[in-house]
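Quick notes on the structure that follows.
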Amino acid sequence: MEPALLILTLGTLIFAAHWFAEIFSKKRIPDVLMLMLIGITIGPLFKIVDADELSSMGNIFGQLTLVILLFESGTELSFKTLAESIKNTISLTFVNFFFTFIAIGLVGWLILGMNPGISFMLGAALGGSSSAVAIPLVKQISIGEKSKTILILESAFSAILCIVVTLAIFESYKYGEFRVGIIFGQVFSSFLLASLIGLVGSIFWSMVLDKVRTIDNSIFTTPAFVFIIYGINELLGYSGIISALAFGIGLANMDAIYKRWLRKFFDRRPTLLNPTEKTLFSELVFLMKTFFFVYVGISIKFDNLTSLLIGLGISFLLIILRIPVVRIALPYETNGISNKDRAFLSMMIPRGLAAAVLATMISQSQLPGSERVGNIVFSVIFFTIIFTSVLVPLLEKSVRFRNFYIKLIHFPSFGKKILLIDEDNLAPTEVEEEINSDIEEEKVIITDDDDVPNILL
């Protein structure tokens, strides 16, 4: 691609991305989808950009996007919200991974005729949601802070789980040894040590930030230090993205950290992030997100119809599975999560970078049957992003669709009467009859107002 054409394309994409974001805010037409369509147009459709030319940079660019995305998300999370959300996040992450891992593994083995080892590696690779898709959508829809935090943390935690379990199955399949204890030990140590390094890094950076600001053109030093934190963790064998997230959380809550633990050891208060720096991080995330989704569109391959159909089928399976996952992991008694939020949580099924990287590793392993994995996973990524980016805004925009989906989440109702919001006058209207008169009557009142909590009577 000619340099002038490349520069022209990049400039046009940035302008288009801002326009798409404005369209989303007004019309709820997903900007993510439109960016992917641009990538498909300039990539597979008209061959303006060759995906193979970008493949050498694709993984690195994707990792950079995740690092900045999770760091910036961390700067918006408070310790209070984290404390309220962590239990639900862990429950949702593990239940979702288990259901997905087992279901896709069995489908690949029993229906698609794949080798069991390869099939369950496919299930593990697709066991977690994509931060690059989930986080931008979370920030654009109106759900509670606890639900937002759960989705942000789930996307980060699940990436670790997917990577560790896939690698464990890969090694056991290749070398004939599988140890469950080692898997969970790796997950726990990767999470704990990465979080610790990220928090220690945030304390150090807050203590030197005021000095750093005296240097000319220093506004990008904080993102640069995030990359350093990420690289150190990855070289040590821990999760770099979790460390980047912990670093952002630490900076956001440094005042509380100082008051609780640090003032015993330091006389000087730490320096906090200022509004200019936070704006920079937000703009940087916007820029990286724009190029990431265009890159995803460029990387899609439409030359294998069978893989596309399998990917479509697995994507539908993920949508179906997510409903009981949310119901089990986040029961109705869970405080701080409305049924409206639960509907959004049940629609968040996007797969992304972690799945793509793992699929590439499996495909290149030359293990028997591994050559099918790459095309299937990329197809799942494509369809899950489309479904999520279309259906999530639709849930927010259409009361009727939201009510329909809430009914799905409540099914079977076991004697409950579900009261939903009437689309025309927003008056509660009974839509289900009592199934069993012997069961004590239980009403679930569902409102469209975040300020009015859902009530179990």
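The values are calculated or read from the model by the stated rules, or taken from the named source; none is laboratory data. It should be emphasised that the depicted structure is a prediction, and the values quoted were computed from it without experimental measurement. A quick note on method: Cβ atoms are made from the backbone with ideal geometry, for glycine too, and the neighbour counts reach across all protein chains shown.
Listed by first and then second residue, the pairs linking a residue in the range 356-376 that is within 18 Å of G62 (Cβ to Cβ) to a residue that is surrounded by fewer than 19 Cβ atoms within 10 Å (Cβ to Cβ) and acidic (D, E), with Cβ atoms under 8 Å apart and 6 or more places separating them unless they lie on different chains, are S363/E371.
Does the range 172-186 contain at least one residue that is buried (at least 22 other Cβ atoms within 10 Å of the Cβ) and assigned to a helix (DSSP H, G or I)?
Restricting attention to the range 172-186, the residues satisfying the condition of being buried (at least 22 other Cβ atoms within 10 Å of the Cβ) are none.
The answer is no, given that none of the residues of the range 172-186 is buried (at least 22 other Cβ atoms within 10 Å of the Cβ) and assigned to a helix (DSSP H, G or I).
Residues checked against (1) under 13 Å from the mean Cα position of the chain (by Cα); (2) among the basic types (K, R); (3) modelled with pLDDT under 85; (4) more than 26 Å from S365 (Cβ to Cβ):
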{"site": "I135", "(1), (2), (3), (4)": "yes, no, no, yes"}
{"site": "V138", "(1), (2), (3), (4)": "yes, no, no, yes"}
{"site": "K146", "(1), (2), (3), (4)": "no, yes, no, yes"}
{"site": "I150", "(1), (2), (3), (4)": "yes, no, no, yes"}
{"site": "S158", "(1), (2), (3), (4)": "yes, no, no, no"}
{"site": "V165", "(1), (2), (3), (4)": "no, no, no, no"}
{"site": "Y175", "(1), (2), (3), (4)": "no, no, yes, no"}
{"site": "F178", "(1), (2), (3), (4)": "no, no, yes, no"}
{"site": "I182", "(1), (2), (3), (4)": "no, no, yes, no"}
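Looking at I29, is it at pLDDT 85 or above and either of a type in the set (V, I, T) or in contact with a Lys or Arg (Cβ under 6 Å, 6 or more places away or on another chain) (or both)? Answer is no for this residue.
Name the residue, out of V138, V95, V133, that is in the same structural domain as S365 (by TED's automatic domain parsing), of a type outside the set (K, R), surrounded by fewer than 24 Cβ atoms within 10 Å (Cβ to Cβ) and within 20 Å of L353 (Cβ to Cβ). Steps first, answer last, please.
On the way: V95 fails: within 20 Å of L353 (Cβ to Cβ); V133 fails: surrounded by fewer than 24 Cβ atoms within 10 Å (Cβ to Cβ).
Step by step, each of V138, V95, V133 is checked, and only V138 is in the same structural domain as S365 (by TED's automatic domain parsing), of a type outside the set (K, R), surrounded by fewer than 24 Cβ atoms within 10 Å (Cβ to Cβ) and within 20 Å of L353 (Cβ to Cβ).
Among the residues making up the range 237-279, those that are surrounded by fewer than 12 Cβ atoms within 10 Å (Cβ to Cβ) and either among the charged types (D, E, K, R) or touching a strand residue (DSSP E or B) at 6+ places or on another chain (Cβ under 8 Å) (or both) are K259, R260, K264, D267, R268.
Number of residues in the range 131-161 that are within 13 Å of E76 (Cβ to Cβ) and not in a helix (DSSP H, G or I): the value is 1. Restrict the check to the range 352-369 and report whether at least one residue is within 24 Å of E145 (Cβ to Cβ) and among the small types (G, A, S). The answer is yes, given that some residue of the range 352-369 is within 24 Å of E145 (Cβ to Cβ) and among the small types (G, A, S). Taken residue by residue, the range 360-374 has no member that is within 29 Å of L394 (Cβ to Cβ) and in contact with a helix residue (DSSP H, G or I) (Cβ under 9 Å, 6 or more places away or on another chain). Only one of the numbered conditions (1) at pLDDT 90 or above; (2) within 23 Å of V133 (Cβ to Cβ) is violated by T306, and that is (2). Whether any residue in the range 59-66 is within 29 Å of S346 (Cα to Cα), out of contact with any Lys or Arg (no Cβ under 9 Å at 6 or more places or on another chain), surrounded by 15 or more Cβ atoms within 10 Å (Cβ to Cβ) and hydroxyl-bearing (S, T, Y) is what I want to check. There is no residue in the range 59-66 that is within 29 Å of S346 (Cα to Cα), out of contact with any Lys or Arg (no Cβ under 9 Å at 6 or more places or on another chain), surrounded by 15 or more Cβ atoms within 10 Å (Cβ to Cβ) and hydroxyl-bearing (S, T, Y).
Residues are listed down the side, and each one gets a yes or a no for (1) surrounded by 22 or more Cβ atoms within 10 Å (Cβ to Cβ); (2) within 27 Å of I362 (Cα to Cα):
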position	(1), (2)
T9	no, no
L13	no, no
W19	no, no
I38	no, no
D52	no, yes
K87	no, no
I102	no, yes
L106	no, yes
M114	yes, yes
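Scanning the range 296-333 for residues that are crowded, with 16+ Cβ neighbours inside 10 Å and not in a helix (DSSP H, G or I) yields a count of 3.
Contact annotation: residue pairs with Cβ atoms under 7 Å, 6 or more positions apart or on different chains, pairing a residue in the range 98-121 that is under 13 Å from I376 (Cβ atoms) with a partner that is assigned to a loop (DSSP other than H, G, I, E, B), are I104/L126; G108/M114; M114/G369; I118/L367; I118/G369.
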